[in-house]
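Step one of this worksheet: look at the structure below.
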Amino acid sequence: MEFLESLKVFSSYLGLLHTCCAVLAMVFGAMVVFNTKGTALHKKMGYTYVGSMVLMNLSGFGIYNFGSFSLFHAFALISLITVLLGVIPAIRRSKDWYKKHFYFMSWSVVGLYCAFWSEVGVRFFDMQYFWWVVMLATMLTGFVGMLVIKKKAKSLFLN
């Protein structure tokens with residue numbers, strides 16, 4: 001761990017776990033978004049995404065880079081809720097479950113990629129540039145995500 005600490009990448013095993021889960025979630029989230037829905041592969045990749053996201057968010061609650069609860073913890077809570085609101089309808093098969101599942105899970109993936117820019121900003125930019133870099137990258141990611149979600153929704157939900 002000392003080597004990783006010297007690189008200023010991870011300061012704890014919890015941070016390493018958090019990052020590993022985030023990378024897994026980014027990979028599986030993208031795979032789920034861009035592959036055929038409803039297949040056995042989709043379900044396996046989806047559950048891997050959900051598990052990675054839950055572990056990532058829970059581990060994030062134990063990381064205090066700013067000394068106490070911060071905006072990052074609030075976003076982790078929102079992320080956790082979004083993932084749960086996406087997976088629960090798919091498990092229960094409630095009314096309009098597919099639309100709820102699609103939108104919550106899709107936005108969960110977009111939020112994950114937006115959070116990536118925050119991590120990049122924290123690691124590589126001085127605070128005077130941090131907010132601008134993160135804000136612009138997050139807005140662009142959110143906009144592209146919205147376009148992808150709208151396009152996919154149009155093909156899935158003809159009504």
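Volume per residue for the chain equals 117 cubic angstrom (convex hull of Cα atoms). Average accessible surface for the chain: 65 Å² per residue, computed with a 1.4 Å probe over protein heavy atoms with every protein chain in place.
Modelled label positions at L156 and T39, each set 7 Å beyond Cα in the direction of Cβ, lie 1.6 nm from each other.
Taken one residue at a time, the phi angles of the range 30-42 give Karplus couplings (6.51, -1.76, 1.60, θ = phi - 60°) of 5, 4, 5, 4, 9, 10, 4, 7, x, 7, 4, 5, 4 Hz. Gly and Pro are set to x. Taking a ≥ b ≥ c as the square roots of the Cα gyration tensor eigenvalues, the range 14-61 comes out prolate, since a/c reaches at least 1.5 and a/b is larger than b/c.
Among L41, L55, L77, which one moves the most in a GNM of the chain with springs linking Cα atoms closer than 10 Å? Of L41, L55, L77, the most mobile in the Gaussian network model is L41. Helix 97-124 versus the longest principal axis of the chain: what is the Cα-based angle in degrees, 0 to 90, to the nearest 10? So the helix axis and the longest Cα principal axis differ by about 20 degrees. Placing a pseudo-label 7 Å from each Cα along the Cα-to-Cβ vector at Y129 and L16 gives an inter-label distance of 3.0 nm. Dividing the helix sum by the residues of the chain, where each DSSP H run of 4 or more adds -39500 (n - 2.57), gives a mean residue ellipticity at 222 nm of -28000 deg cm²/dmol.
For the range 104-159, a Kirkwood hydrodynamic radius built from all Cα pairs, placed in the Stokes-Einstein relation at 10 °C and 1.306 mPa s, yields a translational diffusion coefficient of 131 µm²/s.
The values are calculated or read from the model by the stated rules, or taken from the named source; none is laboratory data. Please read all numbers here as calculations on a predicted model, not as lab measurements. Glycine gets a Cβ as well: all are built from the backbone with ideal geometry, and neighbour counts include every protein chain shown. Accessible surface is based on the protein model in full, side chains and every heavy atom, while ligands, DNA and RNA are left aside. Shrake-Rupley method; radii C 1.70, N 1.55, O 1.52, S 1.80 Å.
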